[in-house]
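Derivation of every value follows stated rules applied to the coordinates shown; laboratory data play no part. Computed from a predicted structure; not experimentally measured. All Cβ positions, glycine included, derive from the backbone under ideal geometry; neighbour counts span all protein chains shown.
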Amino acid sequence: QVQLVESGGGLVQAGGSLRLSCVASGRTFSNSAMGWFRQAPGKEREFVAANRRSGFAKYYADSVKGRFAISRDNAKNAVYLQMNSLKPEDTAVYYCAAGAYEGFSEPSRYSYWGQGTQVTVSS
């Protein structure tokens, strides 16, 4: 059984930082992309960042470029999201996803999802 478990969410003031972690179990994802999506209340799930297999190319949504950084540790079967200069509009449930081979910004391309972790940024 494949599981993705996120951690690291919480409440932070605007301008602050958080680091999200996602650890996968049940299979390895070294040959596929892992990524992060988020969903705010009343909105659709949106792409945040993705890291292609073996830590190659990285992709970011325009709204987080220069503030967020995605990284992977294939030995730990994990993906991380360092979030700096957080803004109130970053408030959402953040989901880890894994198993995409193309279309990294599209939720439908990912086969596995975590349960989500809440990030709240106060102004």
Q.
Give the lysines whose C-alpha is closer than 19 Å to that of K65, dropping any in the same chain fewer than 8 places away, or say none.
A. K87
Q. P(r) for the stretch 51-114: what percent of alpha-carbon pairs falls in each 5 Å bin, starting at zero?
A. 3, 15, 26, 28, 19, 8, 1
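Compute for the chain: radius of gyration divided by Kirkwood radius, i.e. Rg/Rh, restricted to C-alpha atoms, rounded to two decimals. It would help to have the intermediate numbers written out before the result.
On the way: Rg = 13.2 Å, Rh = 14.1 Å.
That ratio equals 0.94.
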Q) Simple spin-label model, 7 Å along Cα-to-Cβ: D73 to K87 in nm? A) 3.1
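Can you work out the FRET efficiency for the pair R27 and S122, with r the C-beta to C-beta distance and R0 = 35 Å, to the nearest 0.05? Walk me through the numbers before you get to the answer.
Working: r = 38 Å, r/R0 = 1.08.
My answer for the efficiency is 0.40.
Quick check for me: using +1 on Lys/Arg Cβ and -1 on Asp/Glu Cβ, what's the dipole size of the chain about its Cα centre, in debye to the nearest 20? Write out the running numbers ahead of the final one.
Numbers: 14 positive and 9 negative charges, 58 e Å.
With Lys and Arg at +1 and Asp and Glu at -1, about 280 debye.
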Q: In a Gaussian network model over the chain where Cα atoms closer than 10 Å are linked, find which of A98, A61, A50 has the largest mean-square fluctuation.
A: A61
